[in-house]
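Following: one structure in structure tokens, then a few remarks.
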Amino acid sequence: MSGNQSLCTRFTFVAFSSLAELQPVLFLVFLILYLFTVGGNLIIICLVGLTPSLHTPMYFFLVNLSFLEVCYITSVVPLMLVHLLAETKTISVRGCAAQMYVFTILGLTECCLLAAMAYDRFVAICHPLHYTLRMGPRVCLKLAAACWTTGVVVESAQITWIFSLPFCGTGKIQHFFCDVMPVVKLVCVDISHIKIMFFAVSVLFIMSPCFLILCSYMRILVTIFRIPSAAGRRKAFSTCSSHLLVVSLFYGTALFTYLQPKTAHTPETDKATALMYTVVTPALNPVIYTLRNKEVKEAFQRVTQRNPLRQTA
């Protein structure tokens with residue numbers, strides 16, 4: 001670290017600095033998406049809680065995923081909305097660390113939860129006679145606990161290491177939130193070892209759940225193709241189509257962001273991809289799990305039909 005560099009105590013976000021005239025419009029768009037995402041996921045949580053027929057392993061994991069999505073988008077979007085209207089778009093180093101802790105822990109936990117949901121579908125379709133035994137309440141709780149524990153332990157260690165290093169320079173982050181790589185670029189010391197560590201963690205803890213999901217769905221597809229009737233195949237595939245679509249959206253953006261070559265990274269592409277996995281994808285999840293899920297739609301109709309306010313109207 002050269003002698004003329006001062007340590008940073010605050011960071012400044014410059015992601016939307018070139019879009020000053022559009023910031024009020026962006027504020028309105030992101031606010032609507034945020035409220036829709038939070039409201040949609042809370043509706044799913046309430047529907048599962050109020051409907052005994054949905055008290056199954058699949059919907060247990062869906063409740064975990066919906067709760068995670070609410071926390072995930074809340075860790076990024078409210079502060080971004082404030083910065084879209086404020087002239088000073090700064091955050092303290094401790095505040096940046098807190099945001100990165102929450103965001104990365106929830107992101108890794110979601111990877112693991114999607115793998116647990118794929119395993120649930122694998123057991124349901126490939127081993128239906130043993131489903132109750134293999135996916136009992138204790139097993140589901142252990143799987144969910146393992147997902148959350150993995151996210152907390154791995155990302156807490158990684159982010160603690162990053163923020164134990166000194167930051168210097170202008171403190172300008174070419175992003176709209178404290179993502180790992182834009183913040184790491186402000187570290188004063190050599191960051192080659194950090195990049196190696198980050199890539200290793202990404203490969204191990206993003207690709208491993210992805211590999212488990214692919215293996216589960218390969219077995220699921222083989223089992224579905226062996227079902228003699230077309231109606232049976234459609235019914236079997238419909239039980240996992242929503243999850244498969246969510247997995248495609250999540251891992252598509254995650255792989256593009258964290259595993260693409262260094263030469264392909266530009267501030268513009270990074271910000272566009274980050275908007276996809278922090279704002280757009282969480283907003284699509286409740287839509288996918290309601291419009292494409294017959295049981296959830298039926299539960300919603302039953303709950304609204306027995307609503308006292310509706311009955312007295």
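Quick notes
- The lone exception for Gly232 - which of (1) free of Cβ contacts under 8 Å to residues at least 12 places away in the same chain; (2) assigned to a helix (DSSP H, G or I); (3) open to solvent by 40 Å² or more (accessible area, probe 1.4 Å) it fails: (3)
- Identification of helices (runs of 4 or more DSSP H) wholly contained in segment 235-306 with 3 or more residues that are among the charged types (D, E, K, R) and modelled with pLDDT under 80 yields 267-275, 294-305.
- A search for C-beta distances below 9 Å between a residue of segment 183-196 that is modelled with pLDDT under 80 and any residue that is open to solvent by less than 60 Å² (accessible area, probe 1.4 Å) and among the hydroxyl-bearing types (Ser, Thr, Tyr), counting only pairs 6+ apart in sequence or on different chains, returns nothing.
- Number of the exception - Cys168 against (1) closer than 21 Å to Thr104 by Cβ; (2) touching a residue at least 40 places away in the same chain (Cβ under 8 Å); (3) touching a Leu at 6+ places or on another chain (Cβ under 6 Å): (1)
- The set of residues in segment 209-229 that are in contact with a helix residue (DSSP H, G or I) (Cβ under 8 Å, 6 or more places away or on another chain) and open to solvent by less than 70 Å² (accessible area, probe 1.4 Å) comprises Pro209, Cys210, Ile213, Ser216, Tyr217, Ile220, Thr223, Ile224, Ile227.
- A search for C-beta distances below 8 Å between a residue of segment 200-223 that is assigned to a helix (DSSP H, G or I) and any residue that is polar (S, T, N, Q), counting only pairs 6+ apart in sequence or on different chains, returns Val201/Gln158; Phe205/Thr150.
- Scanning segment 93-111 for residues that are within 20 Å of Leu68 (Cβ to Cβ), in contact (Cβ under 8 Å) with a residue 24 or more places away in the chain and open to solvent by 20 Å² or more (accessible area, probe 1.4 Å) turns up Tyr101, Val102, Ile105.
- Restricting attention to segment 18-38, the residues that are touching a residue at least 60 places away in the same chain (Cβ under 8 Å) and open to solvent by 30 Å² or more (accessible area, probe 1.4 Å) total 4.
- If only residues of segment 175-194 that are more than 21 Å from Ser17 (Cα to Cα) and assigned to a loop (DSSP other than H, G, I, E, B) are counted, the one that is nearest to the chain's Cα centre (by Cα) is Ile191.
- Those residues of segment 157-178 which are touching a Ser or Thr at 6+ places or on another chain (Cβ under 9 Å) and not β-branched (Val, Ile, Thr), in sequence order: Gln158, Phe167, Cys168, Gly169, Gly171, Lys172, Phe176, Phe177
- For segment 45-86, filtering for residues that are open to solvent by less than 20 Å² (accessible area, probe 1.4 Å), part of a loop (DSSP other than H, G, I, E, B) and closer than 24 Å to Arg302 by Cα leaves 1.
The values are calculated or read from the model by the stated rules, or taken from the named source; none is laboratory data. All figures in this text were calculated on a predicted structure; none of them were measured in a lab. Neighbour counts are summed over all protein chains in view; Cβ atoms, including those assigned to glycine, are modelled from backbone coordinates with ideal geometry. Remember, those area values only see protein heavy atoms, side chains included, never the ligands or the DNA or RNA. Shrake-Rupley method; radii C 1.70, N 1.55, O 1.52, S 1.80 Å.
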